[in-house]
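Each remark here refers to the structure printed beneath this line.
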Amino acid sequence: MALYGVGLNVAVEKIVLDLKLHIAKSGGASLKNLQKIFEKADSNGNHLLSLKEFEKALAAFGFFPKIVDLQALLKYYDKNGDGNIDFEEFVAAVRYFFHKEKKFSSY
C-alpha cells in the first residue's frame, strides 16, 4: 500500500476505498447528482472546490474523513496540482460508479 505524505504519511488507497464504499452506500452518484453536489459545495462559485468545500461535498455522501485523510484525498485527486478540485477531478474521484468511462468537460 502506497503512502501519501501531507505532513503525515497516509495510506491513500484505503481512504479512496472508504470513500467509494460511502458513495456506494449512499446509492452511487449520477452525473447530474454529482453536478448538484459540486455546485452546492462550491460556496464562492469559482468552479473549484477548496479543501473546506471538498469536505462539504464528501459529507453529501456521508463521508467525514479526518483532516489529514481529507488533505491526502485532495492531493491525490488534484491532478493539475492547483490545490483545488475542479469538476472533472471530482468526477474522477467517483467515476468507479459509472457503468462506462465517459469524458467530461469543465464548465
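Quick one: is S106 among the small types (G, A, S) and modelled with pLDDT of 90 or more? No, not satisfied.
Restricting attention to the stretch 23-48, the residues that are outside any helix (DSSP H, G or I), touching a residue at least 12 places away in the same chain (Cβ under 8 Å) and surrounded by 19 or more Cβ atoms within 10 Å (Cβ to Cβ) add up to 2. Taking L49 as the residue in question, decide whether it is under 14 Å from I85 (Cβ atoms) and either in contact with a strand residue (DSSP E or B) (Cβ under 8 Å, 6 or more places away or on another chain) or among the basic types (K, R) (or both). The answer is yes for L49. Filtered by the rule that a residue be touching a Leu at 6+ places or on another chain (Cβ under 8 Å) and not small (G, A, S), the stretch 23-55 gives F38, D42, L51, F54, E55. Taking the criterion of being assigned to a loop (DSSP other than H, G, I, E, B), in contact with a helix residue (DSSP H, G or I) (Cβ under 7 Å, 6 or more places away or on another chain) and either of a type in the set (G, A, S) or modelled with pLDDT of 95 or more (or both), the residues of the stretch 49-71 that qualify are A60, G62. Given the criteria modelled with pLDDT of 85 or more and not hydrophobic (A, V, I, L, M, F, W, C), does E88 qualify? So E88 passes the test. For the stretch 72-85, filtering for residues that are in a helix (DSSP H, G or I), in contact (Cβ under 8 Å) with a residue 24 or more places away in the chain and not aromatic (F, W, Y) leaves 3.
The values are calculated or read from the model by the stated rules, or taken from the named source; none is laboratory data. Since the model is a prediction, treat every value here as computed from it, not as a measurement. Note: ideal-geometry Cβ built from the backbone for every residue, glycine included; neighbour counts use all protein chains shown.
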